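Below: the structure, in structure tokens.
The values are calculated or read from the model by the stated rules, or taken from the named source; none is laboratory data. Please read all numbers here as calculations on a predicted model, not as lab measurements. Here Cβ is always computed from backbone atoms with ideal geometry, including for glycine, and neighbour counts include all displayed protein chains.
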Amino acid sequence: MTAQPKPAAFLAALTPTERRIFREMRLGAVFVEGYTGTVPRTFGDNAGVWPTRVRTTAADPNKRARDASYDNPVHSVIVQAVYWFRSDAEARRVFDRVLGILRDHKEELHFAWHNIAPAKVCECIVWACTVEDLPYWDDAAIMATVRERLQQEVQRSVRARF
């Protein structure tokens, strides 16, 4: 039994050919990024807040999270979950619906950060996909699709030679 890859970590492990196939798929992603846990607001704050936000990208979500980590050297920002869609437009539709839900959330922090557990944001994303009637895939499914397309390319090139 193999360990599950971290969200979008498989992108770093792709070969150049697999990376090309991934780019040709032109997928969109909605991803949840946030701190590794709660952080205090002030000295003596035992409850703290859990800064989490939702973002969309057509590229590598881990790169976007690294960029956010550079903005805050005290706390690391990590990708908590990634949901892949057939296009960036579909990802944007889900993102907009989830953002509407989070705006109604009672506690919004600075710069699109919300005080909410990542698992709750993931529930919002799945609900938005259901309402919008859009399929979504996880990293393992996308990786399997990339490898399947690579296999098809290899078979086509072998058939063309013989």
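Below is a table of values for the structure above.
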| read-out | value |
| --- | --- |
| Per-region count, the range 8-54, residues crowded, with 19+ Cβ neighbours inside 10 Å and among the hydroxyl-bearing types (Ser, Thr, Tyr) | 2 |
| Selection within the range 101-125 - without any contact (Cβ under 8 Å) to a residue 12 or more places away in the chain and either surrounded by 18 or more Cβ atoms within 10 Å (Cβ to Cβ) or closer than 18 Å to ALA81 by Cα (or both) | ALA119, LYS120, GLU123 |
| Subset of the range 31-57 that is touching a helix residue (DSSP H, G or I) at 6+ places or on another chain (Cβ under 8 Å) and either farther than 19 Å from HIS105 by Cα or outside any strand (DSSP E or B) (or both) - its residue that is modelled with the highest pLDDT | THR56 |
| Output for the range 10-30, where each listed residue is of a type in the set (D, E, K, R) and assigned to a loop (DSSP other than H, G, I, E, B) | ARG26 |
| Residue match in the range 133-148 (condition: loosely packed, with under 15 Cβ neighbours inside 10 Å and among the hydroxyl-bearing types (Ser, Thr, Tyr)) | no |
| Some residue of the range 89-112 being at pLDDT below 80, part of a strand (DSSP E or B) and either at negative phi or not polar (S, T, N, Q) (or both) | yes |
